[in-house]
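First comes the structure, then the notes that go with it.
The values are calculated or read from the model by the stated rules, or taken from the named source; none is laboratory data. Values in this document were obtained by computation on a predicted structure and should not be read as measured data. Backbone-built Cβ (ideal geometry, glycine too); neighbour counts: all protein chains shown. Side chains are part of the model used for accessible areas, which takes the heavy atoms of the whole protein and leaves out ligands, DNA and RNA. Shrake-Rupley method; radii C 1.70, N 1.55, O 1.52, S 1.80 Å.
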Amino acid sequence: MPTTQDEKLLEAVLDSWDRNNTILVNLLRAVPAGGLEARAVEDSMTVAEMFLHIHGTRWFVLSEDAPEFAGEPPEKGWRETRDVDRIAEMLNDSARRVRAALKDRVESGKPMLVRYDHPILLLQHMVWHEGYHHGQIKLALKAMGRPLDDEEIGQVTWHVWFDKTEAGT
C-alpha cells in the first residue's frame with residue numbers, strides 16, 4: 001500500500017494505465033462476429049489491424065526507450081492473427097511491459113532513452129494513441145453496419161474509468 005504522496009500519485013497513474021488496457025481488451029472482446037475485418041474507410045486499417053498496431057506501437061516504443069522491458073520482438077506473422085484470445089494476450093503482455101517500464105523509470109529517476117522528457121509522457125502518449133484508435137474501431141464497426149450499443153459497451157469501457165477502487169476511496 002503506497003504511503004507517500006509520490007507513491008500514491010504513481011499508483012494512480014499506473015492504475016489509469018491498467019484501466020486503459022482493460023477497456024481496450026473489453027472493446028476487443030465486444031467486437032461482433034466479422035467485425036475484426038471492418039474498416040472505417042476503404043484504405044484504412046481493419047479493426048484487427050488497429051488492435052495489433054496498438055500492441056506493436058507499445059513494443060516499438062519500449063524497444064527504443066526502455067529496451068530491457070520490451071522483450072523479444074513480436075513473432076513472425078503476428079500481424080495476421082485474427083484470434084481474439086491471442087490478440088488479448090498480446091495486449092495484456094505489452095501493457096504489463098509498459099507498466100513495468102513506467103514504474104521503474106519513475107522510481108529510479110532513469111530517463112527514457114529516445115523520446116519523452118518524463119516517463120509519464122510515455123503513458124500519456126499511449127493512452128492518447130489508444131483512445132484515438134478506440135474511436136476509429138467504433139467508427140469502423142458503425143460503417144460496416146454493426147455499431148456497438150452505447151449502453152452495453154459503456155458498461156465495459158467508460159464505467160471502468162468511473163469505478164472507484166478500495167484504495168482510491
A 1.4 Å probe over the protein heavy atoms gives the chain a carbon and sulfur accessible-area percentage of 54
Longest principal axis of the chain (C-alpha) makes with the long axis of helix 84-108 (C-alpha) an angle, in degrees to the nearest 10, of 20
Local charge sum around Ala101 (other residues, Cβ-Cβ under 9 Å, Lys/Arg +1, Asp/Glu -1)? +1
Report, to the nearest 10°, how far helix 119-143 tilts away from the longest principal axis of the Cα atoms in the chain, using its own Cα long axis and a range of 0 to 90°. 10
Would you compute, from DSSP H runs of 4+ residues alone, the mean residue ellipticity of the chain at 222 nm, taking -39500 (n - 2.57) per run and dividing by the full residue count, rounded to the nearest 500? -21500 deg cm²/dmol
Can you check what the net charge comes to around Leu123, using other residues whose Cβ is under 15 Å from the Cβ of Leu123 (Lys, Arg +1; Asp, Glu -1)? 0
Among residues other than Ile23 whose Cβ falls under 13 Å from its Cβ, what is the net charge (Lys/Arg +1, Asp/Glu -1)? -1
Counting only heavy atoms of protein chains, what accessible area per residue, in Å², does the chain have with a probe of 1.4 Å? 57
Please find the FRET efficiency linking Asp149 to Arg96, where r is the Cβ-Cβ separation and R0 is fixed at 22 Å, and quote it to the nearest 0.05. 0.15
Under 8 Å for C-alpha pairs, at least 6 residues apart: give me the relative contact order for region 8-142, rounded to a whole percent. 35
Helix 5-30 axis, angle to the chain major axis (alpha carbon atoms, nearest 10°): 10
The rounded separation in angstrom of the Cα centers of region 46-84 and region 92-139 is 13
Nearest 20 debye, what's the magnitude of the dipole of region 1-84 about its Cα centre given +1 on Lys and Arg Cβ and -1 on Asp and Glu Cβ? 340
